[in-house]
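Below is one structure; the comments refer to it alone.
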Amino acid sequence: MLLNLEEYNSPKVTIYPNPTDNKVTFDINTTNLVIEDVELFDISGRSSRIKFNSNNSINLKDFETGIYFVRLTFKNGNTLLIKIIKK
């Protein structure tokens, strides 16, 4: 039986809005998770460090329209990769 990543002990993170114009908010439904690092990748794999704001959001206003991936690294060592579309 194949397991979906969410079924296999994946951190529960909701992002909104997606697609976005600028700001993306991360809602961590599991109270024991603390985000330690946020890294943004464009579709070609180039990475950028991006500031994670105190209200659990990132601002993409300085980035071009396109598809991005955000890698969240948690203090417990887990990582999560999320696709974001910037309008």
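Restricting attention to region 55-80, which residues are of a type outside the set (D, E, K, R), out of contact with any Phe, Trp or Tyr (no Cβ under 9 Å at 6 or more places or on another chain) and over 21 Å from Lys12 (Cβ atoms)? Spell out how you get there, then give the answer.
Going through region 55-80, the residues of a type outside the set (D, E, K, R) turn out to be 55-60, 63, 65-70, 72-74, 76-80.
With out of contact with any Phe, Trp or Tyr (no Cβ under 9 Å at 6 or more places or on another chain) added as a condition, the list becomes 55, 59, 63, 65-67, 73-74, 76-79.
Within region 55-80, Asn59, Phe63, Thr65, Gly66, Ile67 qualify.
Please state which one of Ile28, Ile67, Ile58 is modelled with pLDDT under 90 and surrounded by 10 or more Cβ atoms within 10 Å (Cβ to Cβ). I'd like the intermediate steps shown before the answer.
Values: Ile67 fails: modelled with pLDDT under 90; Ile58 fails: modelled with pLDDT under 90.
That would be Ile28, the only listed residue that is modelled with pLDDT under 90 and surrounded by 10 or more Cβ atoms within 10 Å (Cβ to Cβ).
Under the condition of being under 13 Å from the mean Cα position of the chain (by Cα) and open to solvent by less than 40 Å² (accessible area, probe 1.4 Å), which residue from region 31-40 is modelled with the lowest pLDDT?
Among those residues, the one meeting the criterion is Ile35.
The values are calculated or read from the model by the stated rules, or taken from the named source; none is laboratory data. Quick caveat, the model's predicted, so the values are computed rather than measured. All Cβ positions, even for glycine, are placed from backbone atoms using ideal geometry, and neighbour counts span all protein chains on display. The area values use the complete protein model at the heavy-atom level, side chains included, leaving out ligands, DNA and RNA. Shrake-Rupley method; radii C 1.70, N 1.55, O 1.52, S 1.80 Å.
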